[in-house]
Amino acid sequence: MNIKTLCFLALLISPCLSAFAADKHDPAHWTEDFTNEDAFYTNWGAYGWLPDGTVSGKKEDRVNWWRIVDGALRGETHKLHPSGLTHVVSGRDVRMKCRFKLGEGAMVSAGYNGPNPLLERNFHLAGVHITAEQIRAYDEDVLHPKGSPEAEALKKEGKMNRKFIGSAKAEKLALTVNAWHDLKIEMRGKEITVWIDAKQVLNYKTLSGDAPKTSLQFAVGNASKNEMAVGWYDDVVFEPITEEKKP
């Protein structure tokens, strides 16, 4: 095989290799613009409430609450409990940026899961719930000290030794619905700081937010008792925070 043939083959193969590499997310540093549906189904796991009121995590059911529409991610829920979506991540001090859009009466959520050091399993570490009127930090607390008789009793019963704090801190907002907004969330140690449209809107010291992050979670829920709520996400960037914190 001569050099010209080798060069020609290299030109044919290199775009395929680049596309393959682009679809292989480094869990510590990745982007997602929801233009590759195959990559979406590979890199993201989902659950949601079906219209009949049942919950499912099956891939064939995902289109009922998570789908790519016009190059963006559309999520919906039919119950008060949000429908969720996760992507594997890695890091401690981390930053996530994305765009989001709220439908009428909708709530969108973004946060991190990981090995909460006070608990027996991986759970929510910290994150935020966002409506047009308010942003709320969520957090985790422990019911009983790890290893205590009470904690061991819950473990034997298959129950969770935790308390989910859905309104750890709240701040007022005035967001336009059905319009795109920029979101940035930083986790530095136990501190979570959030910006919307380049304005800092929340800062909160969590209980266990400094634990290693194992997944990023998005969710769409109802801000009211609407039968269905819709939210959108796009242009996600996940990265480690490497610079020194400014005083």
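Any chance you could count how many residues in the range 116-135 are within 12 Å of Phe164 (Cβ to Cβ) and modelled with pLDDT of 80 or more?
Number satisfying all stated conditions: 5.
Taking Phe34 and the conditions (1) farther than 21 Å from Ile130 by Cα; (2) crowded, with 19+ Cβ neighbours inside 10 Å; (3) more than 15 Å from the chain's Cα centre (by Cα), which numbered condition does it fall short on, given that it satisfies the others?
(3)
If we scan the range 123-132, do we find a residue that is of a type outside the set (S, T, N, Q) and open to solvent by 70 Å² or more (accessible area, probe 1.4 Å)?
Taking the range 123-132 and keeping what is of a type outside the set (S, T, N, Q), we get 123-130, 132.
Keeping just the survivors that are open to solvent by 70 Å² or more (accessible area, probe 1.4 Å) gives none.
Looking through the range 123-132, none of the residues is of a type outside the set (S, T, N, Q) and open to solvent by 70 Å² or more (accessible area, probe 1.4 Å).
Only one of (1) of a type in the set (Lys, Arg); (2) under 24 Å from Lys213 (Cβ atoms); (3) open to solvent by 20 Å² or more (accessible area, probe 1.4 Å); (4) free of Cβ contacts under 8 Å to residues at least 40 places away in the same chain fails for Lys59. Which number is that?
Result: Lys59 fails condition (2) only.
The values are calculated or read from the model by the stated rules, or taken from the named source; none is laboratory data. Bear in mind that the values here come from a model prediction, so they are computed numbers and not experimental data. Cβ sites come from the backbone with ideal geometry, for glycine too, and all protein chains shown count toward neighbours. Accessible surface is based on the protein model in full, side chains and every heavy atom, while ligands, DNA and RNA are left aside. Shrake-Rupley method; radii C 1.70, N 1.55, O 1.52, S 1.80 Å.
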